[in-house]
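Everything on this sheet refers to the single structure shown next.
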2 protein chains.
Amino acid sequence: MQITILGADGFLGRKLAARLARDKQLGGRLIERLVLFDIAQPSAPVAAFPVACLAGDLTALPAAAIPAGTDIVFDLAAVVSAAAEADYDLGITVNLHGTERIIAACRQHSKPPRVVFTSSVASFGGGQNAVLGDDARQIPANSYGAEKAASELLLQDASRRGFLDALSLRLPTVVVRPGRPNQAASSFVSAIIREPLLGLPADLPVSEDFAVWVASPRSVTDWLLHAATLDSGPMGLDRAVNLPGLSVSVGEMLAALESAKPGASSLVRRVTDPRIAEIVGSWPAAFVTERASRLGFAPHPPFRELVREFIAEDLAATRAERGLPAAGNENGVA
Amino acid sequence: MQITILGADGFLGRKLAARLARDKQLGGRLIERLVLFDIAQPSAPVAAFPVACLAGDLTALPAAAIPAGTDIVFDLAAVVSAAAEADYDLGITVNLHGTERIIAACRQHSKPPRVVFTSSVASFGGGQNAVLGDDARQIPANSYGAEKAASELLLQDASRRGFLDALSLRLPTVVVRPGRPNQAASSFVSAIIREPLLGLPADLPVSEDFAVWVASPRSVTDWLLHAATLDSGPMGLDRAVNLPGLSVSVGEMLAALESAKPGASSLVRRVTDPRIAEIVGSWPAAFVTERASRLGFAPHPPFRELVREFIAEDLAATRAERGLPAAGNENGVA
């Protein structure tokens, strides 16, 4: 099995590559080759199979990124929400034309690769009071969401034509992101957990009753792997799926933080930010995801597990990456 | 008021230009200038205001096509359904990148022009048994429909950003088209009325109980004009609207033809065409269009009116255009 990860240098891409290296197989087939592609050259995980690391621009995707014989393409490359809102042309170029470039590359091959595309709940509107079912329409309230929804349409049509075999996963807000705050409008959702666990302050731009549809990096990785070998036949023309995330309020998140590390939630400062509040305020906070369940996507564990996952897997590495002094026993904070 | 029609050389574009020339005003404001743009240079109608006729490619839209001060852009330019299905790259280039080009042009101006975009029921799936409400999702089963739905998303987002002020009209199949059969998969729906009225045979690629969601050129022109000056405020982010067309079976259409010109329906030959049947078979045949009614789009007259409209307005011209001998009294056929 030959696999490509586009956007491999992001935190999800790195987790996915590490997981593939550890698993050595996918859907019961041995992995023979992995290509990692991003703007900055990704670093290869230690693996039993060859890993090619390529740097380049998605809109000038080299043929080597999706070579002949590729079975699976994970597309995690994107200009995130606040960045696409700040720079319209950049968002269109990467998030829409990049998708066209992937379609063009896959179309060259005799066997259509499975493309696992990371779409987003940001492609929906509705806001705090919405509970969206599988038939909900996408009426995005931000350019990132519009570009993701348009990409879904192109990938769906390319699948129908046999250029590739796409599955679009509408990811919840991924929490807890390791590393540093980023340009995603949802960055604060991770920051209010991650920063206090590092002993650092974090800004909260919304109220405590603000609810978010979230998923942990581990759940998202599991879903990406499930989507890679899922039989797409029963999906028909509709190749996008809302995933079984978790609807959680900021208050509940802070309570889980406090129970993991008493006193930590006092590091969260209330700093209203109308620009962020406007973007994230339009995203729906809850979904009913029956189709995902029928398609075998695993349900999400409760939020306290998500905090534990971050502490166990990413807290020490984040501390090191950011040059912060190591703590005594990270796993012991709970 | 300054107006541009893109795709002005098509039959709807010509009807719209003629109507604007006749009306002299739009929404109570005098028309000061009209720009007609198409691949082939459009011909100007006799008008009380200046009309500029430009030829060019939509994806290399000259600045003169949407000059500063433009109030309204009617976008009727498209690669039609069967053509977009036959040539994927051409469809993407014109139907998607063309939309991006229009957005880029409008964005240059200080006052965002109203863009009336012609989307299509072909952006929906569902097929013969579907009755779609205003909240129906677009799951297109053809590339043309996917490109139209993706364009709607881009125009909606560009409206939210203030680059322009778009309204996307999801046109029913327009019947009776004058002129010649074209590459639209729905071409037969007009042909089975038009050709027998010209004394010519026509092929019917589907069964008589096959139902279609249709609208006459006059209704479509009325809707385009209504959309041009409609207050978009109450529409919120959702700038696309399903129009109040007519659900009619081929059998009902042939009965209306027969009552307009006895014996004419015997010129319709049953010739199955799986390629056409597959494309049009996926289009929904009925809608419930409450939102369009609330927004003031006029309801459609019954199908026999639609046949009368063609006989009164287009039959003689079609006869002349195609070099067929003139009939004695076209209006007398009924």
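Quick look at the numbers
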{"read-out": "Candidate set: segment B:222-236, residues that are touching a residue at least 40 places away in the same chain (Cβ under 8 Å) and either more than 25 Å from residue B:21 (Cα to Cα) or of a type in the set (Gly, Ala, Ser) (or both); chosen: the one farthest from the other protein chains (Cβ to nearest Cβ)", "value": "B:228"}
{"read-out": "Verdict on residue B:194 being of a type in the set (Lys, Arg), part of a helix (DSSP H, G or I) and either more than 14 Å from every other protein chain (Cβ to nearest Cβ) or under 25 Å from residue B:316 (Cα atoms) (or both)", "value": "yes"}
{"read-out": "Any chance residue B:213 is part of a helix (DSSP H, G or I), away from chain A (no Cβ under 14 Å) and in contact (Cβ under 8 Å) with a residue 60 or more places away in the chain", "value": "no"}
{"read-out": "Hey, residue B:219 polar (S, T, N, Q) and under 23 Å from residue B:19 (Cα atoms) or not", "value": "yes"}
{"read-out": "Residues within segment A:87-136 that are surrounded by 18 or more Cβ atoms within 10 Å (Cβ to Cβ), assigned to a loop (DSSP other than H, G, I, E, B) and at the interface with chain B (Cβ under 9 Å from one of its Cβ atoms), tallied", "value": "2"}
{"read-out": "Hey, residue B:207 over 29 Å from residue B:102 (Cβ atoms), of a type in the set (Gly, Ala, Ser) and either part of a helix (DSSP H, G or I) or away from every other protein chain (no Cβ under 14 Å) (or both) or not", "value": "yes"}
{"read-out": "Exclusive hit being within 14 Å of chain B (Cβ to nearest Cβ), closer than 25 Å to residue A:135 by Cβ and either crowded, with 17+ Cβ neighbours inside 10 Å or modelled with pLDDT of 95 or more (or both), set A:239, A:294", "value": "A:239"}
{"read-out": "Selection status of residue A:172, within 30 Å of residue A:311 (Cβ to Cβ), under 20 Å from the mean Cα position of the chain (by Cα) and surrounded by fewer than 21 Cβ atoms within 10 Å (Cβ to Cβ)", "value": "no"}
{"read-out": "Filtered residue count, segment B:148-167, keeping only those that are at the interface with chain A (Cβ under 8 Å from one of its Cβ atoms), assigned to a helix (DSSP H, G or I) and either charged (D, E, K, R) or under 18 Å from the mean Cα position of the chain (by Cα) (or both)", "value": "4"}
{"read-out": "Subset of segment B:12-22 [out of contact with any helix residue (DSSP H, G or I) (no Cβ under 7 Å at 6 or more places or on another chain) and surrounded by 13 or more Cβ atoms within 10 Å (Cβ to Cβ)]", "value": "B:13, B:14, B:17, B:18, B:20, B:21"}
{"read-out": "From the options A:44, A:52, A:68, residue that is outside any helix (DSSP H, G or I) and either within 20 Å of residue A:98 (Cα to Cα) or β-branched (Val, Ile, Thr) (or both)", "value": "A:68"}
{"read-out": "Pairs where the first residue, in segment B:256-275, is surrounded by 15 or more Cβ atoms within 10 Å (Cβ to Cβ) and the second is among the basic types (Lys, Arg), C-beta under 8 Å, 6+ apart", "value": "B:256/B:304; B:260/B:304; B:260/B:308"}
{"read-out": "Close pairs from segment B:173-188: first in a loop (DSSP other than H, G, I, E, B), partner at pLDDT 95 or above and among the basic types (Lys, Arg), Cβ under 6 Å, at least 6 apart", "value": "B:176/B:194"}
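The values are calculated or read from the model by the stated rules, or taken from the named source; none is laboratory data. Note that this is a predicted model, so its numbers are computed, not measured. Reconstructed Cβ throughout: ideal geometry from the backbone, glycine too, with neighbour counts over all protein chains shown.
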